[in-house]
Amino acid sequence: MPKLAFAIDDPHMLSILEDLQGLDIILKIGPIIFLKEGFSLIKALKQDGFSIFLDLKFHDIPNTVSKSVEVCADIGIDYLTVHLLGGKEMLTPLKDIKQNTQILGVSILTSHDESYMEFLGSRYNLEDMVMHLASLAYECSLDGIVCSGFEAFKIKNKFKLKTVIPGVRLNKGQKDDQKRVVSIDEIKNVADIIVIGRDIYKRQKPKETVFDILSKLGGIYGTS
Ligand code: C5P
């Protein structure tokens, strides 16, 4: 059964987290919350028993990324992201640093579509590029890959990698800035982690939406 990573990209959502304690969910903290609250919030949430997914999508020279991953691992971050486009030299050393931190490689963002390949001047189409990056993630012993629901089945068949899928919508009509969007039913058999942000925090009753999603995923909530 996939886990739910709740992308808290809205500071107002911090007030509902108390009600989510004890649920088997991951809290995904990106730059919006991290820049405001920093590691002190992360430490507090970890003390409350949450798993933390720090989504800062590192992409820099190898030394800077390795040192950043080291800081995250020391603090006990459960999952973090690096851009696979950072390449082999950036990714290879990470497996020796990570301690208990799972490293997820971001492939091509779900807000991009085929036209991004043209922009990059790539010889690959989007799907082939994602498979190329998945092969790199596997080769560099990363734990998982962030990909759209469209490529997840192919990746799962070919590589031993966790699939982490954003761009998931309860109602696919509501895409926001995402381009490659899927429903929970379409990917619940292939995802290890599904990432949902706005479809939770923009609803009238976000807490109840979390419960609905967990039951859709087949989970008995209240356990971990
Ligand atoms: O609000 P929504 O459900 O579209 O949020 C998706 C979350 O997943 C955001 O926090 C975004 O930064 C993140 N993400 C993504 N696409 C990726 C990787 C991460 O949308 N490829």
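Compactness ratio for the chain: Cα radius of gyration over 2.2 N^0.38 Å (N = residue count) comes to 0.98. Relative contact order for segment 161-209: 41 percent, from Cα pairs under 8 Å spaced at least 6 residues apart, divided by residue count. Note on LYS98: aspartates and glutamates with a C-alpha under 19 Å away, same-chain residues under 8 apart excluded, are ASP55, ASP60, GLU70, ASP74, ASP78, GLU89, GLU139, ASP143. Once R0 is set to 30 Å, what does the formula 1/(1 + (r/R0)^6) return for the Cβ-Cβ distance between TYR124 and ASP212, expressed as a FRET efficiency to the nearest 0.05? Calculated transfer efficiency: 0.20. Dividing the mean sequence gap of close Cα pairs (under 8 Å, 6+ apart) by how many residues the chain holds gives a relative contact order of 22 percent.
Spin-label model, ASP48 to ASP24: label points 7 Å out along the Cα-to-beta-carbon direction sit 2.1 nm apart.
So how do 196-202, 95-101 stack up, highest first, on mean other-Cβ count within 10 Å? Don't jump to the answer; show the numbers that get you there.
Numbers: 196-202: 18.6, 95-101: 14.3.
In descending order of packing, they fall as 196-202, 95-101.
Its Cα centre serving as origin, the chain has a Cβ charge dipole (Lys and Arg +1, Asp and Glu -1) of approximately 280 debye. Counting Lys and Arg as +1 and Asp and Glu as -1 over every other residue whose Cβ lies under 12 Å from the Cβ of ASP9, the net charge comes to -1.
Each label was represented as a point 7 Å from its Cα along the Cα-to-Cβ direction; for ASN63 and PHE39 these points are 2.1 nm apart. In this simple spin-label approximation, HIS12 and ARG203 carry label points 7 Å from Cα along the Cα→Cβ vector, and these lie 1.6 nm apart.
Please give the charge dipole size of segment 1-80, origin at the Cα centre, charges +1 on K and R Cβ atoms and -1 on D and E Cβ atoms. Round to the nearest 20 debye. Could you put the intermediate results ahead of the total?
Details: 7 positive and 12 negative charges, 36 e Å.
Result for segment 1-80 is approximately 180 debye, rounded to the nearest 20.
3J(HN,Hα) along segment 172-180: 5, x, 9, 8, 6, 8, 7, 10, 9 Hz, from the Karplus curve 6.51 cos²θ - 1.76 cosθ + 1.60 with θ = phi - 60°, whole Hz, x for Gly and Pro. Look at the dipole of the chain built from charges on Cβ: of ILE196, SER15, SER122, the Cα furthest out on the positive end belongs to ILE196.
Only the coordinates and a few stated rules stand behind these numbers; no lab work does. What you see is a predicted model; the values in this text were computed from it and never measured. Using ideal geometry, Cβ is built from the backbone for each residue, glycine included, and neighbour counts are taken over all protein chains shown.
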